[in-house]
Amino acid sequence: MIGLGTKDDAEYAVDFVTDTGTYSFPMYWDDTKSAWVPFEIVNQPAVVLLSPAGDVIETWNGTFDADEVLSKLG
């Protein structure tokens, strides 16, 4: 799992990680939003579930149910 921030600015991203304690996976910052394009992400939050080969299994744009995402892993 990785996190990819593009909203606001890099300082906000650092504050987000600090405020939420999101230290269990790496977080990256992309102020150009170019990383969104291949995954057809249109807003945040978004989740893209990839296979081990890097193929998109499913994408959720906007709010999502964490249990539904986790159910796709099994």
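The values are calculated or read from the model by the stated rules, or taken from the named source; none is laboratory data. Model, not experiment: these values are computed from the prediction. Positions of Cβ are backbone-derived with ideal geometry, glycine not excepted, and every protein chain shown enters the neighbour counts.
Observations on the structure shown:
- Matching residues, segment 52-73, being among the hydroxyl-bearing types (S, T, Y) and modelled with pLDDT under 90: T63
- Subset of segment 1-48 (residues that are within 20 Å of A66 (Cβ to Cβ) and polar (S, T, N, Q)): T20, T22, S24, N43, Q44
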